[in-house]
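S.K.: Next up is a structure, given as structure tokens.
The values are calculated or read from the model by the stated rules, or taken from the named source; none is laboratory data. Only a predicted model underlies this, so the values are computations on that prediction, with no experimental measurement involved. Glycine also receives a Cβ, built like all others from the backbone with ideal geometry; neighbour counts cover every protein chain displayed.
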Amino acid sequence: MNQHILVLYQSLIDQETGQRGYSLSKNSAFLEPFYEGSSTFQQTSEKLKQDIIIFPQVSKSVNNLIVSGEVWNSEYGQEQINMGKSNHRIPNEILEKSKAAFDSIRHHYKEVTNEINQLKSKLEERSQNRVMMMLIIFCFGILLMLVLAVYYIIKHLTNLVQPIVELEQSVTSYSMKDFTVTVPKYHKDDELGRLITGIEHMRTALKEKFFTLESIAYKDGLTGINNRRTADYYLTKFIEKAPMENDLSIILIDIDHFKDFNDKYGHLEGDRALKHVATILQQHVKTFDVLARFGGEEFILILPKTKYTCALKVAERLRKAIEVESLDAYEIRTSLGVTTFEKGDTYTSLIRKADEALYQAKANGRNRVELNITNIEALSQD
């Protein structure tokens, strides 16, 4: 549009130059730019009328320019040329009005140019704002994508790292023989999922083997109660605490004539007798007491925080329970030796005292309870 305005204005300049040249010199060569300018003016005017449909903001000033050009051409430009062709002198009044009319054209041209430049500035500003907005939206989109990507990565790493941390804690528990801790839940069928599944299978197998080995190590294979190793462990611990806690007693229990029983009825029946006695003993001991098979047909009952007087009562109760609960037609009897911890006692001395009490029970006719204490008066004073 700006180009059309420039062409239109130049066509008017050409017309005015041709008209003035012809009026002064009567040289017809000056008529050529006038008529060419007139033709260009008409063509460009039509184009500008189409332009202002698109840019109505400058329609008024453009129309003013076109109209002022048409007025000058028809009322002054062409009129002065006709007067020159007739050799008539152009009145000063016509010359002044012609000059004023062309000054109006210059004014309207400047007005149109200013409005077009302002419109151009506004359009450029809008375009810049639009580009800036698009750039902001684009940058925001990139930032949003980065945030989402970082969130996805962090979430993915968290989902990946957390099971590994929990798995490490589980494996550490297994190394400490704690198989109650399960592996972390993980539902994906990938390398980590297969690793966790494999470790869970390993945990189950180790748990079974551990309890089997523990049973072998600490339980008597025949009777199912504690074995000699367990008894030794607890008795040693209790002896260490005895000087501070006092009152530690033990009972040794031996099946009377067990060798003769085995010889007469066979070892299988002897095993049944051992199980029978172990079952009765288990039924009559407290939770915090320690019952174990000490060897062969001999059992030991460790009674922490128990005075010898109470231990004697416990021993007598056990002897009677075994006596009255026969195994089928077999009558089983037991001898029991009781002792208690005294100052200076060790594991060896405590077991020796209980052994001596047991030997005394057998020497005194079996199926009885005997007590062996080095200094009973000191204990009585306590």
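S.K.: Scan the range 56-75 for residues that are within 22 Å of Tyr22 (Cα to Cα) and without any contact (Cβ under 8 Å) to a residue 40 or more places away in the chain and report the count.
M.R.: 4
S.K.: Quickly run through the range 316-330 and pick out the residues that are touching a helix residue (DSSP H, G or I) at 6+ places or on another chain (Cβ under 7 Å) and under 19 Å from Ala361 (Cβ atoms).
M.R.: Within the range 316-330, Leu318, Ala321, Ile322 qualify.
S.K.: Among the listed residues Ser68, Ser74, Ser39, which satisfies the condition of being part of a helix (DSSP H, G or I), more than 60 Å from the chain's Cα centre (by Cα), surrounded by 14 or more Cβ atoms within 10 Å (Cβ to Cβ) and of a type in the set (S, T, N, Q)?
M.R.: On the way: Ser74 fails: surrounded by 14 or more Cβ atoms within 10 Å (Cβ to Cβ); Ser39 fails: surrounded by 14 or more Cβ atoms within 10 Å (Cβ to Cβ).
Going through Ser68, Ser74, Ser39 in turn, the sole match is Ser68.
S.K.: Can you spot a residue in the range 219-228 that is surrounded by fewer than 20 Cβ atoms within 10 Å (Cβ to Cβ) and in a helix (DSSP H, G or I)?
M.R.: yes
S.K.: Which condition from (1) at pLDDT 75 or above; (2) within 30 Å of Lys307 (Cβ to Cβ); (3) of a type in the set (S, T, N, Q) is the one that Asn246 breaks?
M.R.: Checking Asn246 against (1) at pLDDT 75 or above; (2) within 30 Å of Lys307 (Cβ to Cβ); (3) of a type in the set (S, T, N, Q), the one that fails is (1).
S.K.: Continuing with the same structure: Say whether the condition of being of a type in the set (Gly, Ala, Ser), modelled with pLDDT under 95 and within 23 Å of Tyr234 (Cα to Cα) is met by at least one residue in the range 313-336.
M.R.: no
S.K.: So the check is Cβ under 9 Å with 6+ separation or different chains; which pairs have a first residue in the range 297-323 that's in contact (Cβ under 8 Å) with a residue 60 or more places away in the chain and of a type in the set (Phe, Trp, Tyr) and a second one that's surrounded by fewer than 15 Cβ atoms within 10 Å (Cβ to Cβ) and in a helix (DSSP H, G or I)?
M.R.: These pairs meet every condition: Tyr308/Ile376.
S.K.: Looking at this structure, is Val58 assigned to a helix (DSSP H, G or I), at pLDDT 80 or above and assigned by TED's automatic domain parsing to the domain that holds Gln118?
M.R.: On the way: assigned to a helix (DSSP H, G or I): yes; at pLDDT 80 or above: no; assigned by TED's automatic domain parsing to the domain that holds Gln118: yes.
Against the criterion (assigned to a helix (DSSP H, G or I), at pLDDT 80 or above and assigned by TED's automatic domain parsing to the domain that holds Gln118), Val58 does not qualify.
S.K.: Return yes when Leu312 is aliphatic (A, V, I, L, M) and out of contact with any His (no Cβ under 6 Å at 6 or more places or on another chain) and no when it is not. Please lay out each step first, then the result.
M.R.: Numbers: aliphatic (A, V, I, L, M): yes; out of contact with any His (no Cβ under 6 Å at 6 or more places or on another chain): yes.
Criteria met by Leu312.
S.K.: Please verify whether Arg89 is assigned to a loop (DSSP other than H, G, I, E, B) and either surrounded by 10 or more Cβ atoms within 10 Å (Cβ to Cβ) or free of Cβ contacts under 8 Å to residues at least 60 places away in the same chain (or both), treating the condition exactly as stated.
M.R.: Values: assigned to a loop (DSSP other than H, G, I, E, B): yes; either surrounded by 10 or more Cβ atoms within 10 Å (Cβ to Cβ) or free of Cβ contacts under 8 Å to residues at least 60 places away in the same chain (or both): yes.
Yes.
S.K.: When you scan the range 284-298, how many residues do you find that are over 52 Å from the mean Cα position of the chain (by Cα) and either buried (at least 20 other Cβ atoms within 10 Å of the Cβ) or modelled with pLDDT of 95 or more (or both)?
M.R.: Step one: list which residues in the range 284-298 are over 52 Å from the mean Cα position of the chain (by Cα), which gives 284, 293-298.
Within this subset, residues satisfying the condition of being either buried (at least 20 other Cβ atoms within 10 Å of the Cβ) or modelled with pLDDT of 95 or more (or both) are 293-294, 297-298.
Qualifying residue count for the region: 4.
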